[in-house]
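Below is one structure, written out as structure tokens, with a few remarks after it.
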Amino acid sequence: MKKNIKIGIIGGMGANASSYFLQLLINKINKNNLKMPEIILDSFPIDDFISDISKINRGLISLKSIINKFNLLKIDMAVMCCNTAHILYPQIFKNSKFKFPSLINLVSTEVNKNNCQNIGILASPNTIKYQLYQFNNKKLFIPNIKLQQLLEKSIRQIIKSDFTKVDNQLLVLQINKFIKKNKLNGLILGCTELPIIFSRLKTLNEIKIFNCLDILADSVVNYLLSPPCQGRVSRNCGTGGF
């Protein structure tokens with residue numbers, strides 16, 4: 001009997017983004033007429049080490065416990081719905097016994113194979129500070145501090161479910177200024193709350209959007225489309241990108 005594929009989602013660092021990703025993934029699975037896998041979302045309330053670096057060790061312990069839990073559950077593939085939490089990805093990846101692609105690597109691969117020359121990144125100040133995307137083969141344009149702070153405020157409002165408090169008009173105005181000033185033809189959404197925000201922004205200039213959650217969901221779909229390996233799926237089995 002063919003075994004059911006188990007997909008793990010590490011969420012909770014932004015529960016709304018995790019929920020949004022789950023729905024996006026389910027839609028893509030159905031669109032591709034794939035058998036629905038067993039999906040386990042661990043929405044874990046990890047201390048906010050993203051804004052308070054003193055909590056990073058507690059965050060690492062929490063993430064390692066999720067990895068160990070997924071190992072015991074014999075997950076085939078897992079993804080992590082948080083860009084900045086990938087600061088800890090190297091430490092937790094080595095403990096995983098399943099396919100565990102890096103969101104940062106997936107987005108960077110998508111950017112590098114695209115023809116866009118001038119690419120900007122929209123993210124929280126800490127994602128920008130830790131330069132998670134700076135190993136990209138293309139030069140990335142960084143928003144000014146005013147836009148960074150506006151994005152941070154908007155991200156926090158999404159995390160708290162204060163959707164109506166996000167100033168969509170001001171965001172569109174500032175992002176379009178960022179695009180025009182740097183002659184951008186591509187934008188990386190470097191925070192998993194930003195796809196939720198962008199789904200509500202209707203008047204942005206025409207530009208290629210690298211949606212981190214969309215790319216992450218595609219990696220899971222690609223994995224489900226690939227032929228299964230014999231026995232337990234290893235970290236290097238199938239597709240999905242590292």
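Readers should treat all values here as calculations from the given coordinates under stated rules, not as data from a laboratory. In this text the structure is predicted, and so the values were computed from the model without any measurement. Backbone-built Cβ (ideal geometry, glycine too); neighbour counts: all protein chains shown.
Points worth noting:
- Axis angle, to the nearest 10 degrees, between helix 168-182 and the longest C-alpha principal axis of the chain: 80 degrees.
- Top of Cys212, Cys116, Cys82 by mean-square fluctuation, Gaussian network on the chain, Cα under 10 Å: Cys116
- Other residues whose C-beta falls under 9 angstrom from the C-beta of Lys28 contribute a net charge of -1, scoring Lys and Arg +1 and Asp and Glu -1.
- When Leu224, Leu34, Leu147 are sorted by how many other C-beta atoms sit within 10 angstrom of their C-beta, beginning with the fewest, the order is Leu34, Leu147, Leu224.
- Contact order normalised by residue count of region 1-159, Cα under 8 Å, 6+ apart, percent: 23
- For the chain, built as a Gaussian network whose Cα springs stay under 10 Å, the top-fluctuating residue of Phe70, Phe44, Phe21: Phe44
- Computed FRET value (nearest 0.05) for Lys139 with Leu201, which takes r as the C-beta separation and R₀ as 30 Å: 0.75
- √(5λ) per eigenvalue of the Cα gyration tensor, the chain, largest first, Å: 30, 20, 17
- Under 29 Å from Lys180, Cα to Cα: lysines that are on another chain or at least 8 residues apart: Lys113, Lys129, Lys138, Lys139, Lys146, Lys153, Lys165, Lys202, Lys208
- Centroid-to-centroid, using Cα positions, region 139-156 and region 173-210 are 11 Å apart.
- Computed lengthening from Asn57 to Asn27, 0.36 nm per intervening residue step minus Cα-Cα distance: 7.3 nm
- Choice from Thr164, Thr84, Thr192 with maximal GNM fluctuation in the chain (Cα, 10 Å cutoff): Thr164
- Oblate is the label for region 124-180, because a/c, from the alpha-carbon gyration tensor with a ≥ b ≥ c as root eigenvalues, is 1.5 or above and a/b does not exceed b/c.
- By the Cα gyration tensor, region 62-175 has an equivalent ellipsoid whose semi-axes, rounded to whole angstrom, run 29, 20, 12 from largest to smallest.
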